[in-house]
Amino acid sequence: MDQRRIRVGINGTGFAGEYTARCYRLIPHQNGVQIELAGVTSGRPENAELFAKQHGVTRAFADHASLVAGGVDIDNICCANYAHGPYTIEAAAAGVPVIVLEKPPVIWPGHQQGREADAATRRHESMEYLAEVLDAVRQAGSRLLYAEDFIYVPGVQALVEVMEEATRHGQGKVLYQRGVCAHQGSHAPAYDTPSKSGGGALFNKACHPLGPALYVKQIEGLLRDGRPIRPKAVSAVALQVLKHQPEASRAHFRTMQNVDDFGRLTVLFEDETIAEVTGHDLSISGIRNEFSVIADFGQYDMRINPNDENELFLPNGAVAGNLLMREKLPTPQGTSFPRPNQFYSHGYVSEMADAVRCALAPERAPQSGPLVAWDTMAVLMAGYESAEQGGATVSLAPELAREFLPRELPDPTQCERVLLRQ
């Protein structure tokens, strides 16, 4: 690989593909490094051609196999969830050094086979399949970056810095975490189709605050004991709220017919600490991204979006044209809290920058890697099993048996430094 040129492939031309392309353009070019958007592919070739023209991508490919065969340093898998597993295996087989896999990592393989099964079976088979995917990456010597952007928001990376200092002073124990991800319905047309999305709000929204909750406990354990702290049990609910309401009550929402629009997870960790995360499609005022940590050294509340750093009042929303003050905000009229540079504040730019740093340094491990992907999937699938059992506590003992290599774990010393020092 030319150390001054990183070739990037993008798979998918929807919302995730769009922000991926734009974020690579926002990464500062340091030490003469050039980032080339070398290829794009889509389920519809005409979409790939148009995307390539709009974003300056070198070439539109007919399929994913052709793209990775052409030689890319980073393969971004940001297409529909059902293709995540096959594309990751394909990229590893092609020898792609860094594979950026959007969340959730895979879906239950039975969906594609037209089968039905109880939640316990879906969980078992999903984890078997994810093990195959991660084994393919491990055996190929590739590195997987699990693209959970919440892990890369500035507040979470700042928290890691604070935890490092607290650990040196004999503290650093995270006791309780709480997070939410919500809006009025997914951008993706396939979201309401389980065979393509894998699930609803619990699977596709609660996964966002779940990611940093798992990551923070991993970091805590690595800092203090040299081994990550992992989740050991989960209880959950997954509901279809809007589907059962009158038509007038659904006017401002995308009503899901086949997947849950509300999910809540309570995660118990090995050290008897707790995380509670919620995902839902009931936020009438646009996206809500929040994450809060209570530790033995203090409390850190992250109001990712909305955030009152900026406040705007418009008596007439029409003057804003098509400007989007923050994601999914239905109208700019009245008082709003604009979120400039949302790709930065949501962690996307830092996420892609981590991928570039990994491509430049073969010994570097992604901050969000296979362990985060594995434990996320384990909690989500056990969550659906718990919901099917009326919220019963479900043990994660089978998933805890899988061991991870050092290069598959986060490295606290490599987190992005975002705080000033005296």
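Every read-out reported here was derived from the displayed coordinates using simple, explicitly stated rules and does not represent laboratory data. Small disclaimer: the values here were computed from a predicted structure and weren't measured. Here Cβ is always computed from backbone atoms with ideal geometry, including for glycine, and neighbour counts include all displayed protein chains.
Note down the magnitude of the dipole of the stretch 291-422 about its Cα centre, charges +1 on Lys and Arg C-beta and -1 on Asp and Glu C-beta and zero elsewhere, to the nearest 20 debye.
Computed charge dipole of the stretch 291-422: roughly 440 debye.
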Between residue 419 and residue 49, the two model label points (7 Å from Cα along the beta-carbon direction) sit apart by a distance in nm of 5.3 nm
Those GluC sites (Glu not before Pro) from the stretch 18-120 that are DSSP loop and have at most 16 other Cβ neighbours within 10 Å turn out to be 116
Between (i) 0.97; (ii) 1.01; (iii) 0.95, the structure-derived Rg/Rh (Cα atoms, Kirkwood Rh) is (iii)
Of the candidates 207, 223, 194, the farthest towards the positive dipole end of the stretch 187-238 (Lys/Arg Cβ +1, Asp/Glu Cβ -1, centred on the Cα centre) is 223
To the nearest 20 debye, the chain has a Cα-centred charge dipole, built from +1 on Lys and Arg Cβ and -1 on Asp and Glu Cβ, of 680 debye
Computed for the stretch 151-345: size of charge dipole around the Cα centre, +1 on C-beta of each Lys and Arg, -1 on C-beta of each Asp and Glu, debye to nearest 20, value 460 debye
Contour minus Cα-Cα span, residue 224 to residue 392, at 0.36 nm per residue, comes to 57.3 nm
Cross-link reach from residue 217 to lysines, straight Cα distance under 23 Å and at least 8 residues apart if same chain, gives 103, 173, 205, 232
Amide H neighbours of residue 200 at under 5 Å, excluding residues fewer than 5 places away on the same chain, with H built from the backbone geometry, are 260
The extension gain from residue 116 to residue 244, computed as 0.36 nm times the residue separation minus the Cα-Cα distance, is 43.7 nm
For the stretch 151-345, the charge dipole (Cβ of Lys, Arg +1; Cβ of Asp, Glu -1; about the Cα centre) points to a positive end, and the Cα of 236, 291, 248 closest to that extreme belongs to 248
Charge dipole of the chain built from unit charges on the beta carbon (Lys, Arg +1; Asp, Glu -1), centred at mean Cα; most positive-end Cα among 55, 92, 386 is 55
Taking 372-379, 174-181 and ranking on average Cβ neighbours within 10 Å, highest first, one gets 372-379, 174-181
To the nearest 0.05, the calculated FRET efficiency linking residue 271 and residue 139 through their beta-carbon distance, R0 being 45 Å, is 0.90
Here FRET efficiency (C-beta to C-beta, residue 402 to residue 168, R₀ 30 Å, nearest 0.05) is 0.45
Residue separation between residue 15 and residue 310 times 0.36 nm, minus their alpha-carbon distance, gives in nm 103.7 nm
